[in-house]
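One structure is given below, encoded as structure tokens.
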Amino acid sequence: QVQLEETGGGLVQAGGSLKLSCTLSGSVFSVFNMGWYRQAPGKQRELVASITPQYDTNYPDSVRARFTIFRDNHKNTVYLQMNSLKPEDTAVYYCNRIPIWPNYWGQGTQVTVSS
């Protein structure tokens with residue numbers, strides 16, 4: 001069974017950094033496009049970073065130049081390095097495949113950025 005486990009969230013001051021990790025079990029990792037998503041209270045879940053099996057990456061304007069996604073196929077893990085964090089980055093962060101597995105969301109990891 002596919003399982004996704006996110007770790008690394010926490011409370012950080014504006015301008016700080018965090019590194020999130022997400023490990024996939026129960027499926028082949030290296031062949032998938034993977035993404036980091038976030039959901040803030042009262043808002044829809046949004047994609048904030050994506051990476052292909054060929055290591056091509058993409059970001060929305062809201063996080064470009066601040067967030068970096070990378071992957072380690074040997075560890076079945078995708079990471080999100082977040083720098084220069086802003087209060088508007090506060091959300092629960094999830095990883096998933098692209099296109100998503102709708103039934104396999106993990107618990108997510110809470111990121112809270114204080115001003």
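The values are calculated or read from the model by the stated rules, or taken from the named source; none is laboratory data. Only a predicted model underlies this, so the values are computations on that prediction, with no experimental measurement involved. Using ideal geometry, Cβ is built from the backbone for each residue, glycine included, and neighbour counts are taken over all protein chains shown. SASA here: full protein model, heavy atoms, side chains in, ligands and nucleic acids out. Shrake-Rupley method; radii C 1.70, N 1.55, O 1.52, S 1.80 Å.
Residues whose amide H comes within less than 5 Å of that of residue 90, counting only those at least five positions distant or on another chain, are 113 (H built at 1.01 Å from N in the peptide plane).
Leaving out ligands, DNA and RNA, and with a 1.4 Å probe, what % of the accessible surface on the chain is carbon or sulfur? Here carbon and sulfur together make up 47 percent of the probe-accessible area.
Note down the Stokes-Einstein diffusion coefficient of the chain in µm²/s, whole number, using a Kirkwood radius over alpha carbon pairs, 25 °C, and 0.890 mPa s. The estimated diffusion coefficient comes to 176 µm²/s. Here the 3J(HN,Hα) profile of the range 51-67, calculated from phi with Karplus coefficients 6.51, -1.76 and 1.60 at θ = phi - 60°, is 8, 8, x, 8, 6, 6, 10, 8, 9, x, 4, 5, 10, 4, 6, 10, 9 Hz, Gly and Pro shown as x.
Can you tell me how much longer the chain between residue 75 and residue 62 gets when fully stretched, taken as 0.36 nm per residue apart minus their C-alpha distance, in nm with one decimal?
Difference between extended and current length: 1.8 nm.
For residue 75, the lysines whose Cα falls under 29 Å of its own Cα, not counting residues fewer than eight places away in the same chain, are 19.
Take the Cβ-Cβ distance between residue 13 and residue 45 as r, set R0 to 30 Å, and report the resulting FRET efficiency rounded to the nearest 0.05. Walk me through the numbers before you get to the answer.
Details: r = 25 Å, r/R0 = 0.84.
Between residue 13 and residue 45 the formula returns 0.75.
Of all aspartates and glutamates in the structure, those lying under 17 Å Cα to Cα from residue 43, and not within fewer than 8 positions of it along the same chain, are 88, 89. When the trypsin sites (Lys or Arg not before Pro) in the range 1-87 are filtered for DSSP coil states and for at most 14 other beta-carbon atoms within 10 Å of their beta-carbon, the remaining sites are 43, 64, 75.
Taking θ as phi - 60° and the Karplus parameters 6.51, -1.76 and 1.60, the scalar couplings of the range 20-26 work out to 9, 10, 9, 10, 9, 10, x Hz in sequence order, x denoting glycine and proline. A Gaussian network model of the chain, with springs between Cα atoms under 10 Å, assigns the largest mean-square fluctuation among 48, 12, 28 to 28.
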